[in-house]
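*Asks:* One structure, as structure tokens, below. Some questions next.
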Amino acid sequence: MSLLIENLHATLQNGTPILKGVNLEIPAGEIHAIMGPNGSGKSTLSKVISGHESYVVTDGSVTLDDTDLLEMDVDQRSRAGIFLAFQYPAEVPGVSNANFIRAALQARLPKGQDIDAVAYYKSLYAKMDLLEMDRKFTARSVNEGFSGGEKKRNEILQMLMLEPKYCILDETDSGLDIDALKIVAKGVNAMRSENRGMLLITHYQRLLDYISPDYVHVMAEGRIVRSGGPELALELEKEGYEFLKDLALA
Ligand code: ADP
Ligand code: MG
């Protein structure tokens, strides 16, 4: 079981190239982190994997447990087990958080089968407790008027409820204070499993103090230019991205 990205090239709708040959394999059970300067294509990679309509794949492949993800619509990819926690989560006015997650779970059930409301709320509340989220967030519209940190926590709540096979977290740590960061890490660590792969996109080493990755990759100019173990993140924190200049990529 793995999420396999091979020679992935993607452009904007107007033809501007953004991803220029990304290769990455995330076997189930592993946590990979991607770091890299702003504008290097990290969010684009996460959105191309999940099927965002702003991008056109021009070469390469993305396969999930041997099935071609690029052939699938966004919702099919989600039901196949891909989850993306957005860098900038959207607000969905008029849809309560509880109904939103319930609808997403319902969409995963076979036709004619209904969610058990009592079991659903029990599970929702348990996960909100883990994330130290107040119960009032069940009735509020999805992300509407949430602070930056509350939105990020809400993304993790969705992830905990949907139990995806592959989780992609795009800078979920940005904008969090240290207490919120620890809570988010607790949620992510609770999801760690030998049946699940995770991709953490992050700008800072500090998230990796709480979620220890198996591998760290550096993305620059639409490619992965360096890979290593957790020590690579520490090195980047100390030395920055100066080395990219030597690669003529900065
Ligand atoms: P990162 O997440 O590494 O900071 P992004 O993937 O967000 O980088 O962006 C990579 C580059 O592609 C940036 O130069 C960004 O401005 C550009 N880009 C990404 N998506 C769009 C878009 N929808 N429209 C215009 N430019 C975009
Ligand atoms: Mg980004």
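Each reported figure results from applying straightforward, stated rules to the coordinates on display, with no laboratory input. Treat the numbers as computed from the prediction; the structure is a model and nothing was measured. Backbone-built Cβ (ideal geometry, glycine too); neighbour counts: all protein chains shown.
*Asks:* When Thr44, Thr172, Thr63 are ordered from fewest to most other Cβ atoms inside 10 Å of their Cβ, what list results?
*Replies:* Least to most surrounded, the residues fall as Thr63, Thr44, Thr172.
*Asks:* Does the chain classify as rounded, prolate or oblate by the C-alpha gyration tensor (a ≥ b ≥ c root eigenvalues; a/c under 1.5 gives rounded; else a/b over b/c gives prolate, otherwise oblate)?
*Replies:* prolate
*Asks:* Please report the net charge: other residues with Cβ closer than 10 Å to the Cβ of His32, K and R +1, D and E -1.
*Replies:* So the environment of His32 carries a net charge of -3.
*Asks:* Now for a separate question. I need to check one value: relative contact order of the chain, counting alpha carbon pairs closer than 8 Å and at least 6 residues apart, in percent.
*Replies:* Worked out over the chain, it gives 28 percent.
*Asks:* What list do you get for Ile5, Ile178 if you sort them by fewest beta carbons within 10 Å?
*Replies:* Ascending Cβ contact count within 10 Å gives the list Ile178, Ile5.
*Asks:* So, one more: Identify, among Phe243, Tyr120, Leu169, the residue whose Cα sits farthest towards the positive end of the charge dipole of the chain, taking +1 on the Cβ of Lys and Arg and -1 on the Cβ of Asp and Glu, with the dipole about the Cα centre.
*Replies:* Tyr120
*Asks:* For a quick protection proxy, order the peptides 11-17, 227-233 by their average other-Cβ count within 10 Å, most packed first.
*Replies:* Averaged packing, sorted descending, gives the order 227-233, 11-17.
*Asks:* Same structure again: Which Cα, out of Ile178, Pro37, Val225, lies furthest along the positive dipole direction of the chain (beta carbon charges, K/R +1, D/E -1)?
*Replies:* Value: Ile178.
*Asks:* Right, something else. Which value in deg cm²/dmol, rounded to the nearest 500, describes the helix-derived mean residue ellipticity at 222 nm for the chain, given -39,500 (n - 2.57) per DSSP H run of n ≥ 4 and division by the residue count?
*Replies:* -9500 deg cm²/dmol
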